[in-house]
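Values in this text are rule-based calculations from the coordinates and carry no lab data. Keep in mind the model is a prediction, meaning the values are calculated, not measured. Positions of Cβ are backbone-derived with ideal geometry, glycine not excepted, and every protein chain shown enters the neighbour counts.
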Amino acid sequence: MRALQDQVILITGSTDGLGRLVATHLAQQGATVLMHGRDPAKGAEVLREIVQATQNPRVRYYNADLASLQEVRDLALRIRLNQPRLDVVVNNAGIGPVAPGLPRRLSADGYELLFAVNYLAGFLLARELLPLLQHSAPARIINVASIGQQTLDFDDLQLDHNYDDARAYRQSKLAQILDTFTLAEALAGSGVTVNCLHPATLMATKMVSEGSGYFPGAKTTTEQGAEALERLICAPELQRSTGLYYDGVREAQANEQAYDATARQRLLEISNRLCNIT
Ligand SMILES: NC(=O)c1ccc[n+]([C@@H]2O[C@H](COP(=O)([O-])OP(=O)(O)OC[C@H]3O[C@@H](n4cnc5c(N)ncnc54)[C@H](OP(=O)(O)O)[C@@H]3O)[C@@H](O)[C@H]2O)c1
């Protein structure tokens, strides 16, 4: 495993919350950090603040709205063109549930928004960056999922009926876990590991404050989630660990559907079709 100072680490959704804090910590330790966000003005401002606070000039910002699969593809292309190496991809960007009764929203591709941003974008980004990761092996893919998980209903995967944004969130988070296990299995022995985690419960972030229709308020600090995520990014003892789900720093058991090979295969086929991957 390379020293952190020699690593290139992409963190999606690093303009706020958990992603921003972890990007700052990694920049402090000298890594090359590829920040990502969806708002160029906010991205430029957060980049400026992180570079100023850490005095690390090797922090870059990439803009892409993950609610568009074309923007996900463009993001991957820009990274492949600009970066000769990539050690870690953290699929962290996400949107949370806001309040009961919120109408169903769609991505640019016409998919249910939380499914598209929280799950499908990371699914596609990992595939698009895979050649670069394999070229850079040992490398890591980390999916920031959640302990909030709900069994995927394959007859209504994108919640066309009886929409409920809390269910949409929990299904999207479990979908990330299913795909973590699928991709880890496919990449076994390649030097690219794939793991996922629930960082911490109700961290004091924008997602929790905006979700006041569901959440009673913050219960943990963002630092606690950052510690768990940074462990998956950096810990040398996890170099070979793959296909695992962590609750904080502890290896844990996810929703039982994640261990159902038929469900995983079904999700893979649907995701390939939705992303036009042949
Ligand atoms: N907070 C918790 O207690 C908790 C618990 C379990 C799991 N998680 C997971 O942790 C991750 C980070 O959550 P957080 O609490 O740090 O949330 P947050 O503070 O709201 O940050 C979310 C990040 O994702 C970005 N993002 C959202 N939609 C996007 C889109 N369409 N395209 C590109 N970027 C987008 C946001 O950009 P903007 O800055 O433009 O909004 C922001 O940078 C999520 O995956 C979440 O599900 C959080």
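Side notes on the structure shown:
- Length gained on full extension, ARG231 to VAL98: 44.9 nm, using 0.36 nm per residue less the C-alpha separation.
- Three-way shape label, segment 7-118, alpha-carbon gyration tensor, a/c 1.5: prolate
- Given R0 = 25 Å, the distance between the Cβ atoms of ARG2 and LYS42 translates into a calculated FRET efficiency of 0.25.
- DSSP assigns beta bridges within the chain; of those with both partners inside it, close to 10 percent run antiparallel.
- Options THR278, PRO138, THR180, ranked by Cα towards positive dipole end of the chain, top entry (Cβ charges): PRO138
- Most to least packed among 229-238, 90-99 [average Cβ atoms within 10 Å]: 90-99, 229-238
- Near ASN56: Cβ cut-off under 15 Å, other residues only, Lys/Arg at +1 and Asp/Glu at -1. The net charge is +2.
- Subtracting the Cα-Cα distance of GLU223 and LEU81 from 0.36 nm times their residue separation leaves 47.8 nm of extension gain.
- When you count the other C-beta atoms within 10 angstrom of each residue and take the mean per peptide, 127-138, 7-18 line up highest first as 7-18, 127-138.
- Listed peptides 107-120, 178-191, 70-83 appear in the order 107-120, 178-191, 70-83 once ranked by packing, highest mean of other Cβ atoms within 10 Å at the front.
- Formal net charge of residues neighbouring ARG78 (Cβ-Cβ distance under 12 Å; K, R +1; D, E -1): 0
- Modelled spin labels at TYR259 and ALA186, positioned 7 Å past Cα toward Cβ, are 2.4 nm from each other.
- Lysines with Cα under 23 Å of LYS173, excluding same-chain neighbours fewer than 8 positions away: LYS206, LYS219
- Sparse-neighbourhood loop sites, trypsin sites (Lys or Arg not before Pro) in segment 12-58 - DSSP loop, at most 16 other Cβ within 10 angstrom: ARG58
- Cβ-placed point charges (K, R +1; D, E -1), dipole of the chain about Cα centre in debye, nearest 20: 700 debye
- Each Cα pair under 8 Å and six or more residues apart adds its separation to the average, and for the chain the resulting relative contact order is 18 percent.
- Placing dummy labels 7 Å off each Cα toward the beta-carbon, the span from GLU269 to GLN70 is 3.0 nm.
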